[in-house]
Amino acid sequence: MILPSADPKLVASLYANLSSIPFDYCARQKVGGIHLTYFTLRQLPVFAPSGVAKPAPWAPSLKVQDWLLARVLELTYTAWDLAAFAQDCGDHEPPFVWDAERRLVLRCEIDAAFFLLYGISRDDAAHILDTFPVLKDSEERAHGEYRTKRLVLETYDALAAAAANGVAYGSPLESPRRVE
């Protein structure tokens, strides 16, 4: 897809949506083989720009697209090669430091957010996460647990609680570090 005139915040939101575990799960239910046709793509649950322009239920002072943008930028802008994209998004600082543990938490925050935005219950989110056996086996071998599942569900709970109480979600992450 070429989106030459699209708002960079919307492009970042689309990227987050298409990269999320809930979207991947839906896509795997529709795609019978290894080819994703445009016809099938049009049937997949991609949020419209108006869907991400609404306030984030877990961060009432932010639009969903702004909440996602902060995470997408940190996940993508890890080298000077992407400075133009970062600047288009309003970030004129150096790239972010690559930190694998931090990146895991950021990805889990995005996944948990999309589970909530799609209206998927916690139990269904747990089931969906269990349908990724390669990820599960890899993490269990490397870390002794399925970390992504644990972190996504913990974040899901925190986001849902923040939304229910009308308060902003407090990420466990400290301020990001930048390349010097």
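Values quoted throughout were computed directly from the atomic coordinates according to the rules given, and no laboratory measurement underlies them. Here the structure is a predicted model, which is why all the values come from computation and not from measurement. Quick reminder, even Gly has a Cβ in these numbers, built from the backbone with ideal geometry, and neighbours come from all protein chains shown.
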Counting lysine pairs in the chain that sit 8 or more positions apart or on different chains, with Cα atoms under 20 Å apart, gives 4
Based on the mean of other beta carbon atoms within 10 Å per residue, what is the order of 6-16, 110-120, 43-53, most packed first?
110-120, 6-16, 43-53
Charge tally for neighbours of Ala158 with beta carbon under 12 Å away, counting Lys, Arg as +1 and Asp, Glu as -1, is -2
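What does the charge count near Gly90 come to, summing +1 for each Lys or Arg and -1 for each Asp or Glu among other residues with Cβ under 12 Å from its Cβ?
Cβ neighbours under 12 Å give a net charge of -4.
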What size of dipole, in debye to the nearest 20, comes out for the chain about its Cα centre when the only charges are +1 on Lys and Arg C-beta atoms and -1 on Asp and Glu C-beta atoms?
440 debye
Helix-only [θ]222 nm of the chain, DSSP H runs n ≥ 4, -39500 (n - 2.57) each, per residue, nearest 500
-17500 deg cm²/dmol
Positive end of the dipole of segment 37-176, charges at C-beta (+1 Lys, Arg; -1 Asp, Glu), about the Cα centre: which of Pro57, Thr148, Ser138 has its Cα farthest in that direction?
Pro57
Given the options Leu14, Tyr169, Ala86, identify the residue whose Cα lies farthest towards the positive end of the charge dipole of the chain (+1 on Cβ of Lys, Arg; -1 on Cβ of Asp, Glu).
Leu14
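What is the packing order of peptides 69-76, 19-26, 82-89, 94-101, taking the mean over residues of other C-beta atoms within 10 Å and listing the highest first?
69-76, 19-26, 82-89, 94-101
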In nm, the gap between the two label points placed 7 Å beyond Cα toward Cβ at Gln29 and Ser50 is 2.4 nm
Summed residue charge, Cβ within 12 Å of Lys136's Cβ, Lys/Arg positive, Asp/Glu negative:
-1
Any idea how far the Cα center of segment 140-180 sits from the one of segment 121-139, in Å?
16 Å
